[in-house]
Amino acid sequence: MSAPAPGIARASPLLTFRELTVTFGHGERSVRPVDGVSFELEPGDRLAVVGESGCGKSTLAAAILDVIPSPGRVTGGEVSIDGQPVSTLDRDELEHVRAATVAMVFQSAMNAFNPVLTIGTQVEHILRAHPGVFASQAEGRKHFEYLLELVRLDPARVVRSYESELSGGMKQRVAIAVAVLLSPKLVVLDEPTTALDVWNQRVVISILHELHRTLGIAIMLVTHDLAVVAEVATKVAVMYAGRLVEYGGVDEIFHGQRRHPYVAALIGAIPSVLKGGLTVRPIPGQVPSLAELAPGCRFAPRCQRAVTICHQQEPALLADGGDHLVACHVVNAGELVTGV
Ligand SMILES: Nc1ncnc2c1ncn2[C@@H]1O[C@H](COP(=O)(O)OP(=O)(O)OP(=O)(O)O)[C@@H](O)[C@H]1O
Ligand code: SF4
Ligand SMILES: [Mg+2]
C-alpha cells in the first residue's frame with residue numbers, strides 16, 4: 001500500500017524516503033527490513049526513528065548515503081537528498097553529499113577511528129580531502145577545536161590522543177564533532193546513547209540540543225529508547241518489522257489519543273515509578289522474523305486490540321487530515337488507543 005509522505009505541500013524537504021524498500025538475500029530466503037517506507041525530513045527538523053531491535057532502523061539510515069551492508073540493496077522506491085535521488089548520484093557527487101549535506105554517526109561509532117593515528121591527524125586528513133570547505137587548514141582545525149568545546153571536551157587533549165586513550169563517552173562525542181566538521185545540513189545518529197552510562201547519555205542529549213540551536217543542523221536520531229526521543233525529537237517515525245507504522249509530532253506520539261497500539265505498548269514499556277513502586281509493562285512476544293511474516297498486520301500476534309481483519313489485511317498508513325499518520329485498522333476506524 002502506498003503511504004502518503006507527510007508534509008508534502010511544504011517546500012523543499014531535505015530528505016525524502018518514498019516507498020523505499022531494502023532487500024537482503026534472494027528469492028524465498030530474502031527479507032525486507034525496510035518495506036515501502038515513506039516520510040520526509042525538513043531543514044532544521046529533529047526527527048527520531050524508533051522501534052525495537054531488528055525493525056530496520058539502521059538499514060533505513062544506511063540507505064540515505066547508499067552504505068547498506070552487503071548483501072542488502074534498494075529494490076524499490078528511493079531516497080532523495082535536497083530533491084535529488086541518491087541512486088542518480090555518481091561516486092564524486094555522493095562524496096560531496098556526504099561532506100556537505102548529510103553526515104552519519106554509525107551505531108558502531110566508537111570503533112570508527114583509526115587506532116594508529118591521533119584524532120588530530122585524522123581530522124587533518126579529512127580537511128585535506130575537502131579543501132574548499134574552509135579558507136585554510138588552520139581555519140578547519142580552529143573550527144574542529146570549537147566543535148570539541150561544544151561537545152564539552154578539551155581540544156588540546158583530544159587532538160593529540162589516540163582513540164584508545166579516550167573513554168567510550170568521549171569517543172562518542174568526538175565522533176559527533178567529526179561528523180559535523182564540514183557543516184552538514186543533517187546529521188544522522190544511529191543509537192548515539194545506547195552504549196553509554198546515564199551521565200554520558202545526558203551529556204550527548206544536551207550536545208544534540210546545542211548542535212541544533214547553535215549550528216542549525218537537522219537531526220535524525222535512530223534509537224529504541226523512547227525516553228531519549230521525548231527529550232530530543234520534535235517528530236517521530238515508528239518502525240515495526242520493516243514497516244512505518246506511525247509518524248507524527250512528538251506530542252501526538254506521546255500524548256495524543258489516536259495512537260498505534262504498538263506505540264502505546266512501547267510507551268507502556270518505559271519503566272515508571274508509580275504509587276511508590278517501579279512499574280514496567282514489557283510488550284508480550286517478540287518482533288516477528290522477517291522471513292516468516294504472517295498475512296495481515298505485522299503487530300497482530302502481539303496486539304491486544306487485534307480484530308479479525310488484522311490477521312487478514314495489512315493496514316494502510318493513513319492521515320487524520322494533518323501530518324499524523326497511523327497504520328492500524330482499529331485506530332483508523334475511529335477507535336482511540338490511549339493505553340494497552
Ligand atoms: N548484513 C545483513 N545481512 C542479512 N540481513 C540483515 C543484515 N543487516 C540487517 N539485516 C536484516 O535486517 C533486519 C533489520 O536490521 P537493522 O540492523 O536495520 O535493525 P535495527 O532496527 O537497526 O535493530 P537494532 O535496534 O538491533 O540496531 C535484521 O533483523 C535482519 O533481518
Ligand atoms: S491493525 Fe490490528 S493488530 Fe495491527 S496494530 Fe491495529 S489493532 Fe493491532
Ligand atoms: Mg540498528
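The values are calculated or read from the model by the stated rules, or taken from the named source; none is laboratory data. All values derive from a computational prediction rather than experimental measurement. Here the Cβ is made from the backbone with ideal geometry for all residues, glycine too, and neighbour counts use every protein chain on show.
Of the residues that sit in region 169-208 and are within 23 Å of N114 (Cβ to Cβ) and assigned to a strand (DSSP E or B), which one is farthest from ligand 2 (Cβ to nearest atom)?
Selected residue: V187.
Determine which single condition E52 fails, assuming it passes every other condition in (1) within 16 Å of ligand 2 (Cβ to nearest atom); (2) of a type in the set (D, E, K, R); (3) more than 14 Å from A237 (Cα to Cα).
Against the list (1) within 16 Å of ligand 2 (Cβ to nearest atom); (2) of a type in the set (D, E, K, R); (3) more than 14 Å from A237 (Cα to Cα), E52 comes up short only on (3).
When you check V67 against the structure, is it within 16 Å of ligand 1 (Cβ to nearest atom) and β-branched (V, I, T), yes or no? Before you say what the answer is, go through the steps one by one.
Numbers: within 16 Å of ligand 1 (Cβ to nearest atom): yes; β-branched (V, I, T): yes.
Against the criterion (within 16 Å of ligand 1 (Cβ to nearest atom) and β-branched (V, I, T)), V67 qualifies.
Only residues that are part of a strand (DSSP E or B) and either in contact with a helix residue (DSSP H, G or I) (Cβ under 8 Å, 6 or more places away or on another chain) or of a type in the set (S, T, N, Q) (or both): list them for region 25-36, please. Can you show your working first?
The initial filter retains those residues of region 25-36 that are part of a strand (DSSP E or B), namely 31-36.
Scanning region 25-36 gives P33, V34.
Sort out which residues of region 181-190 are surrounded by fewer than 22 Cβ atoms within 10 Å (Cβ to Cβ) and either within 16 Å of ligand 3 (Cβ to nearest atom) or of a type in the set (V, I, T) (or both), and write them in order of number. Lay out the reasoning, then the answer.
Residues of region 181-190 that are surrounded by fewer than 22 Cβ atoms within 10 Å (Cβ to Cβ), as a first pass: 181-185, 190.
Within region 181-190, just D190 meets the criteria.
Condition first: more than 19 Å from E52 (Cβ to Cβ) and outside any loop (DSSP other than H, G, I, E, B). Now tell me which residues in region 279-309 satisfy that.
T279, T308, I309
I'm trying to understand the selection: among the residues of region 62-106, which are buried (at least 18 other Cβ atoms within 10 Å of the Cβ), of a type in the set (S, T, N, Q) and either in contact with a Ser or Thr (Cβ under 6 Å, 6 or more places away or on another chain) or not in a loop (DSSP other than H, G, I, E, B) (or both)?
Matches in region 62-106: S80 only.
Take the conditions touching a residue at least 60 places away in the same chain (Cβ under 8 Å) and either farther than 15 Å from V50 by Cβ or within 16 Å of ligand 3 (Cβ to nearest atom) (or both) and apply them to E246. Does it pass?
Working: touching a residue at least 60 places away in the same chain (Cβ under 8 Å): yes; either farther than 15 Å from V50 by Cβ or within 16 Å of ligand 3 (Cβ to nearest atom) (or both): no.
Judged against the criteria, E246 is not a match.
Yes/no matrix, rows are residues, columns are (1) among the acidic types (D, E); (2) assigned to a helix (DSSP H, G or I); (3) buried (at least 18 other Cβ atoms within 10 Å of the Cβ):
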{"position": "T121", "(1), (2), (3)": "no, yes, no"}
{"position": "H125", "(1), (2), (3)": "no, yes, no"}
{"position": "P131", "(1), (2), (3)": "no, no, no"}
{"position": "F134", "(1), (2), (3)": "no, no, yes"}
{"position": "E139", "(1), (2), (3)": "yes, yes, no"}
{"position": "K142", "(1), (2), (3)": "no, yes, no"}
{"position": "E145", "(1), (2), (3)": "yes, yes, yes"}
{"position": "E149", "(1), (2), (3)": "yes, yes, no"}
{"position": "L153", "(1), (2), (3)": "no, no, yes"}
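Restricting attention to region 38-61, which residues are part of a strand (DSSP E or B) and within 15 Å of ligand 3 (Cβ to nearest atom)? If you could, list the steps in order and put the result at the bottom.
Step one: list which residues in region 38-61 are part of a strand (DSSP E or B), which gives 38-41, 46-50.
A48, V49, V50 - these are the residues of region 38-61 that are part of a strand (DSSP E or B) and within 15 Å of ligand 3 (Cβ to nearest atom).
In region 218-249, what count of residues is obtained for those that are in contact with a Ser or Thr (Cβ under 8 Å, 6 or more places away or on another chain), at pLDDT below 95 and aliphatic (A, V, I, L, M)?
The number of residues fulfilling the criteria is 2.
If H130 meets every condition in (1) in contact with a Lys or Arg (Cβ under 6 Å, 6 or more places away or on another chain); (2) closer than 15 Å to S183 by Cβ apart from one, which number is that one?
Going through (1) in contact with a Lys or Arg (Cβ under 6 Å, 6 or more places away or on another chain); (2) closer than 15 Å to S183 by Cβ one by one, H130 breaks only (1).
Go through the residues of region 219-242 one by one and say whether even a single one is of a type in the set (V, I, T), more than 16 Å from ligand 3 (Cβ to nearest atom), out of contact with any Gly (no Cβ under 8 Å at 6 or more places or on another chain) and touching a residue at least 60 places away in the same chain (Cβ under 8 Å). Reasoning before the result, please.
Let us first name the residues in region 219-242 that are of a type in the set (V, I, T), namely 219, 222-223, 228-229, 232, 234, 236, 238.
With more than 16 Å from ligand 3 (Cβ to nearest atom) added as a condition, the list becomes 219, 232, 234, 236.
Within this subset, residues satisfying the condition of being out of contact with any Gly (no Cβ under 8 Å at 6 or more places or on another chain) are 219, 232.
Adding the requirement that they be touching a residue at least 60 places away in the same chain (Cβ under 8 Å) leaves 219, 232.
The answer is yes, given that some residue of region 219-242 is of a type in the set (V, I, T), more than 16 Å from ligand 3 (Cβ to nearest atom), out of contact with any Gly (no Cβ under 8 Å at 6 or more places or on another chain) and touching a residue at least 60 places away in the same chain (Cβ under 8 Å).
Which is aliphatic (A, V, I, L, M) and in a loop (DSSP other than H, G, I, E, B), of I219, I270, I253?
On the way: I219 fails: in a loop (DSSP other than H, G, I, E, B); I253 fails: in a loop (DSSP other than H, G, I, E, B).
Step by step, each of I219, I270, I253 is checked, and only I270 is aliphatic (A, V, I, L, M) and in a loop (DSSP other than H, G, I, E, B).
Could you grab me the full set of residues in region 291-340 that are crowded, with 16+ Cβ neighbours inside 10 Å and of a type in the set (G, A, S)?
G296, A300, A306, A327
Would you check if there is a residue in region 315-322 being charged (D, E, K, R), part of a loop (DSSP other than H, G, I, E, B), at pLDDT below 95 and over 27 Å from S30 (Cβ atoms)? Write out each step before concluding.
Restricting attention to region 315-322, the residues satisfying the condition of being charged (D, E, K, R) are 320.
In the following step, the residues that additionally are part of a loop (DSSP other than H, G, I, E, B) were identified as 320.
Now restrict to residues that are at pLDDT below 95: 320.
Cutting the leftovers down to over 27 Å from S30 (Cβ atoms) gives us 320.
The answer is yes, given that some residue of region 315-322 is charged (D, E, K, R), part of a loop (DSSP other than H, G, I, E, B), at pLDDT below 95 and over 27 Å from S30 (Cβ atoms).
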